[in-house]
Every structure is written in C-alpha cells, then in structure tokens.
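Quick notes on the structure that follows.
Values quoted throughout were computed directly from the atomic coordinates according to the rules given, and no laboratory measurement underlies them. These numbers were taken from a predicted model, which means no experiment stands behind them. A quick note on method: Cβ atoms are made from the backbone with ideal geometry, for glycine too, and the neighbour counts reach across all protein chains shown.
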There are 2 protein chains.
Amino acid sequence: MKRSVSAVSCALAALSTLFAADPRAILSPETRGSAVRLREQAFAGSRAADWARALNDQVGPRLAGSPGDREAVAWALATLKAQGFANVRAEKVKVPVWQRGIETGEVTAPYSQKLTLTALGGSVATPEGGLEAEVLEFDSYEAMEAKPTAVQGKIVFFNKKMKRAVDGSGYGPAVAFRGSGPARAGKLGAAGVLIRSAGTDNERLPHTGMTRYDAAVPKIPAAALSIPDAELLERLIQLGKPVRVRFTLTCRALPEAESANVIGEIVGREKPDEIVLLGAHLDSWDLGTGALDDAAGCGIVIEAARLIGQMRVKPRRTVRVVLFANEESGLAGAIAYAKEHAAELPRHAAAIEADSGTGRPLGLAWNAGPNALPVLTEIAEILSDIGAGELFPGGHGGADISRLVTAGVPLFGLQQDASRYFDYHHTANDTFDKIEPEALDRATAATAVFAYVAAETPEPFEKIPAHKRKLTQF
Amino acid sequence: MKRSVSAVSCALAALSTLFAADPRAILSPETRGSAVRLREQAFAGSRAADWARALNDQVGPRLAGSPGDREAVAWALATLKAQGFANVRAEKVKVPVWQRGIETGEVTAPYSQKLTLTALGGSVATPEGGLEAEVLEFDSYEAMEAKPTAVQGKIVFFNKKMKRAVDGSGYGPAVAFRGSGPARAGKLGAAGVLIRSAGTDNERLPHTGMTRYDAAVPKIPAAALSIPDAELLERLIQLGKPVRVRFTLTCRALPEAESANVIGEIVGREKPDEIVLLGAHLDSWDLGTGALDDAAGCGIVIEAARLIGQMRVKPRRTVRVVLFANEESGLAGAIAYAKEHAAELPRHAAAIEADSGTGRPLGLAWNAGPNALPVLTEIAEILSDIGAGELFPGGHGGADISRLVTAGVPLFGLQQDASRYFDYHHTANDTFDKIEPEALDRATAATAVFAYVAAETPEPFEKIPAHKRKLTQF
C-alpha cells in the first residue's frame, strides 16, 4: 500500500521552490524539495525490509568469524554491487572467534528444576561435568561487595529487573551486570555467575551478549537465565533454604579469523572525497537470525543510500554505506575503520548509524559543532510529518561509529522507539517475523533525508567540540 | 489486596435470607447466601495461585511416568492431607511412558538455517544421523492427498495458521494436523512430518502435544516448528527452489509405568455417597513447568473444595477433588477413573473440570438434563458479579471428565478467556510467571459456587439425555 501523509507539505515545498525562499532557511528551496521527495518516496514503501529479509533468510546467524559471517560479507558485496553502488569493497578485519557449544542448567536443591540459560559472549567453559554450587542472589555490586567472603566458591546470581522504556534507557542499568558482573564476582572468588537476562520480555529465551573479563582476576563461567527462569530461581531462594545450581558450558575461544567491513558508495557530484557515512553492522549474535540486530539497520542504510543514488542530481558529497564487522563481540570492525581511515576522517562530514531494530523513528541524536543545529532543525521539520521530528542532543551515534568521536567527526544516531526492542535483543527470538516493514520505511525516510541534506549543504557540519570528544566504552 | 465488587449483592442476599424468598427461585435463601459468601471469599483473595506455585516450583515438569510425575503424586497427597481433605488417596493408574531425547533441525538447501523444533508426543525417532529430505508444504489434507505420489520420501510440512479467539476455537482446526498429520502423511509414504506449531504466539518456542499414529501405516517421525521457524520455512519455499531439511529426534517409548489419580474429599453432611467431582490434571508436558496446564486448574479445584470444606455447614453431597494422571499423553487417568468408579457413576451428581490456564472465567459450559438449566441460571446470576455469568450449552466439560459422558454424569466446564492460553500451551514458556492470581481467584469463586450449589440443591441434576452421551475423541 502506498502511503502519504503530506501531500500538502510536498506541494508547499514545490511552491516555495518556484516562488519564494524563507529568508531564515539554510536549506535552499531545491534541497528542501529534494529532501521532501526522498521522504515521500521511502514512506510510500521502500525496499528496506527486502534487504533485511534477504540477509536474514539467505544468511541467518552470523557471529564474527563463523561461516555465517563469511556468507554475510559475500551477500553484502553482491547486494551492493547489484544495486549499483560505486567502489564496492570488503575491507579486511581480524575478528575474535568464540563458539557457544553445549549449555545446560538445573536447580539441584531444594527441588529439581531445569534452567534455560545461555553463555555470555566470551565466557569461559565450566569445568568438565559442570559447575555445581550454592547460589547467592544480589541486585547490586554494593550488596555483593558488602560480604566478600560469603561469595567464595559460590555461584553469584545478579537479579536486576530491566525497565521497559521508549528510549531503551532501562538497558544500561541492567546490562551492567552482564558486562562486568563476572569480573567483579571473580575478583571475590566466586565460582561462576548467572545473571537475569537484560531484557523486557517474559519468554523462556535467554539474552546473550558480551561480558568483559578483567585480566587481573580469574575468569569464571557466566551465563544468562531467561527471565522466567530467573524468577523461578528468585522464588526458590525466597523459600529460605540453600539453593544449589549446576550448569555446564562448553563454549570456547578460537584463533582470530578474517572478516570485513563492507563498503559501497554513492559518489558525490562536487566533493566526492567528503564523506557522509551511513553505518549498520553486518554481524549478529548466534542465537537468532539477527533480524532486528542488525539486518534491520543494514536494510535501512542500504535503502536510504540506494534512494539517494537514484536521484536525478546526486548530492554534493559522497554517501558511503559501511556495514561493519564484529559489532557484537569486540567492535573490531569499528576499530579497524577508525584506524585505517584515519587520514580521511577530517573529510567525514557526518556519520549516522541504524542499530535499534524495527521501532518507528522518533528523530535524530546529534553530537556536532554549533552550526549543525539550524540545519538539523530544518531536517527535523521535514521529518516531523512522519513522526520523526525530535532532536536529542548528545550520544555516540552508535557503537560502530562511536570510535570516530576522537577525530571530531559529527555523529548522529537514528533514534527509534525501543519499547519492544529488548524483548528480542540477543535472543533466539530475533527473527524476521518481528520486522515491521512500515516502520523500516519511516526509518529509511529519516535516514535518507538526513544523509541527503548532510551531503548537500554547501557548508559542512562543524566538528565535535574538543571537550565533547569522549570515547564511549561498550 | 482484598477485592469486593458486590457489597450490595452480599447485603441483598443476607436480607433475602431474613425476610423473603423469590417464589420463582430454586435455591433457598440460605443456599444463595452461602454461595454469595463463597464467591466473595475467593474473590477477595484465594490460595489458588499458592497451590499452583507450589506444584510448579516444587515439582515442575511432570510428564506421565517421569520422576516429576511421581513427585507430583506425592505432592498432591501431602497437600490434600495437610489441607484437611478426607479420604485422601492415590488410585493407581498404568501410564504410557515416552521420552523426548535430542531434537535438532536445520534447513540444508537452498540456504543453511537452524530450525527450532520439538518432537510431537509419541513420535518415533528419526533414523540415526537424522532424516534429510525435500520439504513439501500443505495447509490441508485435501491439497496433500491430491498429489499422493509426490509425497513419497518427502518431509511433509503442514503450515496451518491458528487464529486467536476468546473461546480457543482456533485450536481445533490447527491441532488437527498435530493429531493425524503424521498418520495421513505416513499413509502416502512420506518420510517425516513437520507442523507449524498449534499456537497463537510468535516466539521461538515450539508447541508439543500428542500425535496419533494409525497402526495400519508406517510410523514416521514428526515434530513441531516454532512459529517463527515455520514462517522462515514458508518464505524459503516461496523462493521457488527446492527446500531441504534435516532433522534428528531421539525420542522413544518405554514400558508402562505406575502413576495415580489423586483424590481428596469434603464429605457431604447428608448424602455422602453422592459426588460432585472437581477435576484437573496433575501431569504436564515436559518442556515447561506446567503452570497454566494444569497447575492452574489443580490450584482452582483444590482451593474451591478447601473453601467449601471450611464452611460451617457442609453441603449435602460430597465434593470430590480428582487430580487426574496422564491427561496429556493418553488419558489413562480419565479412562481408569471411569472404569474403576463405574458402579459409583450413577451417584455422580455433577463433574466439572478446570483445564484452561489462567484466563478469567467467563461462565459455565453444561451438558445435563433439563432440570439443570433453572439452577444454572441462578448460579450464573451469582457469578455475573465477577464477570463469569455466561452459560454455554454443550461440551464435554474437560478431557478428564469427558469419559463420564457415557454414564450420563452431568458434565460442566469452567469456561475461561483463552485469548492468550495458546501463546504458551505445551511450550517451554508454560511457566509460573504467566499465572494471574486475580484471575485464578475469580475462577476459584466460580468453581466453588457451582460445586457448592450442585452439592446442596435437594434435587440433583438430571442425567445427560441418552442422545447427548457422545464420547469426544482427544
């Protein structure tokens, strides 16, 4: 079905092109008219979901260094070439390799119950035959560190409930335990860690994701329980008798492998060496098929650039799609891009990333110099017709482009409604049926309008002020 | 929190007891008043969810003949005794035993994809190393049987979408393929069967449940795909290239084992040998912890009877709780009860079953002689204050009590809102966090009111008319 909310605004844009320009406007009437047409074209029905579906169905899971990862690189190269992108290439990246293996769990006392769990990314294996110990439950590091000796030899269970929020703000506090819980508990001599999954669902599907060990303390095996299983364990602990759990993980690290950032361009008509980067990540976790995370983002940025490539008059600067390697388990693609393109980063006019699934776009986050705001305000006005007109100051843009901050590259993030994102994030449930093509069309419209304007305005965005060039740790 | 919607109706009932009886009413003012008090007591907060939680947490999965099944029998005996039931006993039942084993699946062409699937109950194993074949998709038996030779050696994929409905009416058409699909496809020489799970969710958790082989045709391995996986397979088939799947099941049948129907009674004050039976089933599938199916029903009937047992004046007839064995995988408990209590069935005044999870009660289904309707109409009036005042003519009452139909035992079914029931039914997701205690309180209220009135009215319900004594096949 074709959609159009803004015949009026299209007509107004066309009229303003013919008759009069708003003297306060920075965008020329022509630029504004082209941006509105791009928005309408994407909103009427784009191919973003088609690209996401193809990556999901033809490749599926694609954890860095896995066979699926190699297939994803081949798929991306073939797709960008077939869609007429210029300078299509794979820039090699060495990525860490980690394999999941067997994962089982059970409560052994005071009652027998199976537990559904999954190893945290990067976890070491349990001893052969599994790890069995009493479980101690905490919802903060303070509570655990208040009784350091009690933890020795035990399984620490971090049980922190994640809040559902449109902006995904519940994720940070919950995921903290996934990131550093095993290191913090290992430091106190714990034998292993279980966390309540960092998610907002109540499905029997645990959420994986990386943990970060501390090289100075023993690495202990760590897994996430599905939320129903975490609640079962919580109820059993509340009975007041000692609760024991056994779990077995056979996951392991393997030697580094080769992957690639895949790149394709719409070459700028006037300043081809100035770059507007549209980023998403090609890899995914292994449990699902990576539909939301991040085939959706790949679909959005490929389609936004493809639509710009079909314009009669290409924008002034080059629009570069970068499908990054290894976002999930090391950011090797992001690090390699920042390093290998260091000389070119002063000519990166902007970078934007799509990595928030299938939620409707709300607007743009931004971290750039002061001359960006009036342009963004006009972009936001154009996007308000599709409900994406908010501006959010600050942010890193996205994990893959966040490394560009130290060079001052203006960073933007496509902000999407994340209310449901963490129901599926990093689980087996991250599958294509969850994709909402209409929301991807809106996200494509927002990305295309932003990218086109950033590539077209005569004056580029000023760089991020020095005091705001802070690297975010993931 | 205490709840009360009907202070007015309580007061009215009390007044009617003191001053005047409705001349059209069949229930005496005292009976009506007691029924209203029972309703209010349960609605204010009952222990139904406590019993469900205990069975769920202390026992968990309890497939017939498994260690969990034996623990469930012990739990039920101990619980009924501790709650003061009379004549608590386990009536032995021989049950079939089937073990799940390993289950894996993958698409091997045109692309590689993992498939999440689970063996149908009773399925035979695949050949060692798995079964690999081309997949043919059908949404009806007619379509399959129109090309009988095409199916030979293939994996038949029954892909029938289930409709969500308050009354659960989408289940029948969808589950038909689980019940007889393997037999029908086996008859045509198919090598195996995959079905789209009979469920209304979109979670990556397949729905198990029994299949019925035909002794006259080869038994072929059969599994259910989760709905996202069924949709993936559907999309791959739509690409038009041959799609091949490999799946491995190591499930197997073992020798029969001993289980039991667990019984406890509130002995009637006047006619102790006349029985009002409250049924639920004690066993569950193995994937989840059987919270909705049917710890919820066990909680409802135990609590309804317990509340009746606490009345100052017990009802005229005996209220008998029967927690049936092996509802899920053979109905052996139901069949044994009907057989061993055959001599007593003429004195079964009524039987009602709770086996629809945690949905709010809507009312009562009924199949009985004509004198039941005016009494039921008064019961419905009492239950309308808690939203459970509908009457649904017909039905089998529930799988466990359905075998009593041939003896004409008046059969009633607690009708609950089943909108969400088939999101979780027979999956790993059937866990206690899905239980809504407030809805169980309402269901307990409805069951207690019905059971009390059925056990108290001077005239028992007339038997089911002969022409309505039809056995339902499950």
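Annotations for the structure displayed:
- Taking other C-beta atoms within 10 angstrom as a stand-in for reagent exposure, A:Ile379, A:Ile237, A:Ile220 fall in the order A:Ile237, A:Ile220, A:Ile379, fewest first.
- Stokes-Einstein D for region A:141-260, Kirkwood Rh over Cα pairs, 4 °C, 1.567 mPa s (µm²/s): 84 µm²/s
- Taking every DSSP beta bridge that has both ends in chain A, the antiparallel portion is near 55%.
- Between B:Lys147 and B:Ala342, the modelled labels are 5.0 nm apart [label points 7 Å from Cα along Cα→Cβ].
- Phi-derived couplings, Karplus 6.51 cos²θ - 1.76 cosθ + 1.60 at θ = phi - 60°, listed residue by residue for region B:162-175: 8, 8, 6, 8, 4, 8, x, 5, x, 5, x, x, 7, 6 Hz, with x used for Gly and Pro.
- For chain A, the alpha carbon convex hull comes to 139 Å³ per residue, rounded to a whole number.
- Within the protein assembly as shown, DSSP assigns beta bridges of which about 55% are antiparallel (rounded to the nearest 5).
- Proximal aspartates and glutamates relative to B:Lys470, as straight alpha-carbon distance under 17 Å, when same-chain residues fewer than 8 apart are discounted: B:Asp400, B:Glu462
- Note, ³J(HN,Hα) from phi for region A:414-427, Karplus 6.51, -1.76, 1.60, rounded to Hz, x at Gly and Pro: 6, 8, 10, 5, 9, 4, 9, 4, 7, 6, 10, 3, 6, 10
- Cα-based shape type of region B:339-426, given that a ≥ b ≥ c are square roots of the gyration tensor eigenvalues and the cut on a/c is 1.5: oblate
- Distances between equivalent label points of A:Pro458 across the copies, with each point positioned 7 Å along Cα→Cβ, amount to 10.2 nm, shortest listed first.
- For A:Asp417, distant residues with modelled amide H under 5 Å away: A:Arg360, A:Leu362
- Calculated FRET value between A:Ala253 and B:Thr406, using beta carbons and R₀ = 51 Å, to 0.05: 0.20
- Here B:Lys314 is the anchor, and the lysines within straight C-alpha reach of less than 17 Å, apart from those fewer than 8 places off in the same chain, are B:Lys271.
- Axis angle, to the nearest 10 degrees, between helix B:372-384 and the longest C-alpha principal axis of chain B: 90 degrees.
- In chain A, Cα pairs under 8 Å separated by at least six residues give a relative contact order of 22 percent.
- Label positions at A:Asp139 and B:Glu462, each projected 7 Å from the Cα along the C-beta direction, are separated by 6.0 nm.
- Whether region A:381-440 is rounded, prolate or oblate, judged on the alpha carbon gyration tensor where a/c under 1.5 counts as rounded: oblate
- Convex hull volume per residue, computed on the Cα atoms of the protein assembly as shown, equals 194 Å³.
- Counting DSSP beta bridges with both ends in region B:241-371, the antiparallel % (nearest 5): 30 percent
- Computed extension gain for B:Glu438 through B:Lys81, at 0.36 nm per residue and net of the alpha carbon distance, reaches 126.0 nm.
- Note, ³J(HN,Hα) from phi for region A:272-287, Karplus 6.51, -1.76, 1.60, rounded to Hz, x at Gly and Pro: x, 8, 9, 10, 10, 8, 10, x, 7, 10, 8, 6, 8, 5, 8, 6
- Test item: A:279-290 mean partner chain Cβ contacts at 10 Å: 1
- Value of relative contact order over region A:90-158, rounded to a whole percent, pairs C-alpha under 8 Å and six or more apart: 23 percent
- Each peptide among B:173-179, B:422-428 gets the average number of other Cβ atoms lying within 10 Å of its residues, and from highest to lowest they stand as B:422-428, B:173-179.
- Taking each DSSP H run with n ≥ 4 as -39500 (n - 2.57) and averaging over every residue of chain A yields -10000 deg cm²/dmol at 222 nm.
- For region A:86-214, the convex hull drawn through the C-alpha positions has a volume of 167 cubic angstrom per residue.
- Cross-link reach is defined here as a Cα-Cα straight distance under 19 Å, omitting same-chain residues fewer than 8 places apart; for A:Lys81 the aspartates and glutamates meeting it are A:Asp50, A:Asp69, A:Glu71, A:Glu91, A:Glu265, A:Glu303.
- Number of partner chain Cβ atoms within 10 Å, mean per residue of B:230-236: 3
- Rounded Å value of the spacing that divides the Cα centres of region B:59-133 and region A:247-301: 41 Å
- Under the criterion of Cα pairs below 8 Å and six or more residues apart, the relative contact order for region A:345-449 equals 42 percent.
- Label 7 Å beyond Cα on the Cβ vector: B:Pro346 copy-to-copy distances, nm: 10.5
- Legend: mean number of C-beta atoms from other chains within 10 angstrom of residue C-beta atoms, peptide A:424-430, equals 3.
- B:Ala190 long-range amide H proximity, modeled H, under 5 Å: B:Gly153
- For the listed residue pairs A:Lys434/B:Lys114; A:Lys163/B:Lys114; B:Lys339/B:Lys463; B:Lys187/B:Lys219, the alpha carbons are over 20 angstrom apart in A:Lys163/B:Lys114.
- Placing a label point 7 Å from the Cα of B:Tyr111 along the Cα-to-Cβ direction, the distances to the matching points in the other copies come to 4.3 nm, shortest first.
- Its residue count N sets the reference 2.2 N^0.38 Å, and the alpha-carbon radius of gyration of region A:264-380 equals 1.11 times that reference.
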